[in-house]
């Protein structure tokens, strides 16, 4: 069996149709981890990562553990009074607690724990994350700061727009929100769809760190609890999806590796910008699964 040439035009037309119907802009890429085949849509455009930036942080964490710079069993005392805000994990705990660094890094990914993320970022260092991305040939994947840094920039932009922090959740002016630093790739944590799938490829082929370190990163990414984005495109129980979502204002993302029962492995990244400022946006979430399936199916084309 020989692989046919991917019909990029048909894929692009299908993605454009789905994006229009959902009122979103799509930036996406997929690659077959074994054949090297690639397909995408606006895949080299800089994109806001939102919480997808936690994947480069995870990689830097496992690399530093492998190098003996960090001890994953280190106990860390976490006080609710000093953590970064967020809707999950340590961010919503009421009482002081003590966790291992390994468990904090796990919570960073599995429930997108902002408090856990900022603890890990403080230990590994933003500059170290950026240096690793450059070393791996991913110059477009960069961090400007942790979750607290992003929230501070949003607070500054809300103030400049004449809005208070309490009005953030009810902000209806998408045009205003789209100009915020946190919504602007050049001013915030960023990547491109193609670099995002390349990062996943490096992790899944043990090229991003030691084999043991990459295996630990894959283990943690395989525990993410959110089933409503990439997974909506692959509802079969025998398909494994390991990934990371990202949500911030008009931005909704997910990157991940889809592993099929027959051994096929596809790294997929879908980044969206919405025309609506909604905390819950199921039609946009479904588009991530739709686009992911379109890309995956294109990679599966065989003669």
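Every test in (1) part of a loop (DSSP other than H, G, I, E, B); (2) more than 19 Å from residue 17 (Cβ to Cβ) is passed by residue 266 save one, and that test is (1).
Summed over segment 204-245, the residues that are over 20 Å from residue 104 (Cβ atoms) and assigned to a loop (DSSP other than H, G, I, E, B) give a count of 14. Put simply, of 132, 184, 188 the only residue that is within 16 Å of residue 253 (Cα to Cα), surrounded by 19 or more Cβ atoms within 10 Å (Cβ to Cβ) and under 21 Å from the mean Cα position of the chain (by Cα) is 188.
Results for (1) modelled with pLDDT of 95 or more; (2) surrounded by fewer than 16 Cβ atoms within 10 Å (Cβ to Cβ), shown as yes or no for each residue.
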residue	(1), (2)
85	no, yes
112	yes, no
118	yes, no
136	yes, no
163	no, no
173	no, yes
176	no, no
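Might you check whether a residue that is part of a helix (DSSP H, G or I) and without any contact (Cβ under 8 Å) to a residue 12 or more places away in the chain occurs anywhere in segment 60-82? For segment 60-82, residues part of a helix (DSSP H, G or I) and without any contact (Cβ under 8 Å) to a residue 12 or more places away in the chain: absent. Within segment 204-217, the residues that satisfy the criterion of being within 28 Å of residue 148 (Cβ to Cβ) and over 14 Å from the mean Cα position of the chain (by Cα) are 208, 209, 213, 216.
Quick check, is residue 87 part of a loop (DSSP other than H, G, I, E, B), within 21 Å of residue 251 (Cα to Cα) and without any contact (Cβ under 8 Å) to a residue 40 or more places away in the chain?
Values: part of a loop (DSSP other than H, G, I, E, B): yes; within 21 Å of residue 251 (Cα to Cα): yes; without any contact (Cβ under 8 Å) to a residue 40 or more places away in the chain: yes.
Criteria met by residue 87.
Considering 292, 217, 209, the condition of being closer than 13 Å to residue 30 by Cα, crowded, with 23+ Cβ neighbours inside 10 Å and at pLDDT 95 or above is satisfied by 292 alone.
Residue-level analysis places residue 277 among those that are at pLDDT below 95, buried (at least 16 other Cβ atoms within 10 Å of the Cβ) and under 24 Å from residue 179 (Cα atoms). Under the condition of being more than 18 Å from residue 294 (Cβ to Cβ) and in contact (Cβ under 8 Å) with a residue 40 or more places away in the chain, the residues counted in segment 227-242 number 0.
The values are calculated or read from the model by the stated rules, or taken from the named source; none is laboratory data. Quick caveat, the model's predicted, so the values are computed rather than measured. When we count neighbours, we look across all protein chains shown, and the Cβ atoms used for this are built from the backbone with ideal geometry, even at glycine.
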